[in-house]
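Encoded as structure tokens, the structure appears first; notes follow it.
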Amino acid sequence: MIITSYLLIINLIMSSLTTLRTKVRNEIKIDPNWKVWSNDVIDFSINGAYDKIQSDWNYARRENQENTTYTTISWTQEYNLPSDFIKLDLVRYNWQELVRTTKKELKKTYDTFSNWAPYYYYIFWTKLWVDPTPDNSWTLDLDYYKRLPTITELQDSLFPDSFDLAIVKYASYLLFSQIRNDNQSNLKYQWYWLEISRLLTDYIFDDYNMSFWIQRSSWMTRENVLDN
């Protein structure tokens, strides 16, 4: 029990922008006096890598999962999605999951002029639409996947520091690509995918949305291409 608690504490260590910046500079080695890449450029590459990992993980990690609620307004069908919204998991009303549909299907199969508690929903552009049109104030519960906030001096990475090496490898790939150092950029890219595979193995039994298993076949395909 003591060992388990210790491991959980270690797993929750997050890295600051300064720490990640130092790791990237140690990785690229060729710019000790900061004459090729400024801190701003390094920071941009770090966040590029941060976004890349989220995307390659299909935004399925625990850090990307979020919940919010909406209170409907009478005679109003559309509601703005959160600013960090990436994709929707589910919508509930009164502990019942709403039925997902499309705008077109709803027009074909349902009378959108009826008014009652929401039963259907769909996403259109940056808005959540519900149907029937609410005739009262109802509370909707949304589970969704979000983009993590940009890493800054005031905002640490929200990933455990076990993800730092993947961030560093992909950030280095972006930096070497800028100066057209193909040998180094290709090498860093390969190392990035090796790190992603390692992380996938390390976290496979963690209690995340297991939809990232869907990504596994594409990851393995990319690795096979790199090996050939």
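Just one of the listed residues (Trp37, Trp129) is more than 30 Å from Asp156 (Cβ to Cβ), outside any helix (DSSP H, G or I) and of a type in the set (Phe, Trp, Tyr), and it is Trp129. Candidates in the range 37-87 are the residues that are over 16 Å from the mean Cα position of the chain (by Cα) and among the charged types (D, E, K, R); of these, the one that is nearest to Thr133 (Cα to Cα) is Glu78. Just one of the listed residues (Thr133, Thr112, Thr102) is at pLDDT below 90, surrounded by 16 or more Cβ atoms within 10 Å (Cβ to Cβ) and on the phi < 0 side of the Ramachandran plot, and it is Thr133. Would you pick out the residues in the range 58-89 that are part of a loop (DSSP other than H, G, I, E, B) and among the hydroxyl-bearing types (Ser, Thr, Tyr)? Matches in the range 58-89: Tyr59, Thr72, Ser74, Thr76, Ser83.
From the list Leu200, Leu175, the one residue that fits, being in the same structural domain as Glu27 (by TED's automatic domain parsing), surrounded by 13 or more Cβ atoms within 10 Å (Cβ to Cβ), modelled with pLDDT of 90 or more and of a type in the set (A, V, I, L, M), is Leu175.
All of (1) farther than 16 Å from Val168 by Cα; (2) at pLDDT below 90 hold for Asp31 with one exception: (1).
Here the condition is being β-branched (Val, Ile, Thr), surrounded by 13 or more Cβ atoms within 10 Å (Cβ to Cβ) and either more than 24 Å from Lys188 (Cα to Cα) or modelled with pLDDT under 95 (or both); of Thr19, Thr4, Thr68, Thr76, it holds for Thr68 alone. If we scan the range 101-119, do we find a residue that is in contact with a Lys or Arg (Cβ under 6 Å, 6 or more places away or on another chain) and outside any loop (DSSP other than H, G, I, E, B)? Checking the range 101-119: not a single residue is in contact with a Lys or Arg (Cβ under 6 Å, 6 or more places away or on another chain) and outside any loop (DSSP other than H, G, I, E, B).
All conditions in (1) in contact (Cβ under 8 Å) with a residue 60 or more places away in the chain; (2) polar (S, T, N, Q); (3) under 30 Å from Leu165 (Cβ atoms) hold for Ser38, with the sole exception of (1).
The values are calculated or read from the model by the stated rules, or taken from the named source; none is laboratory data. On a predicted model such as this, the values are computed, not experimentally measured, just so you know. So basically every Cβ, Gly included, is an ideal-geometry build from the backbone, and we count neighbours across all protein chains shown.
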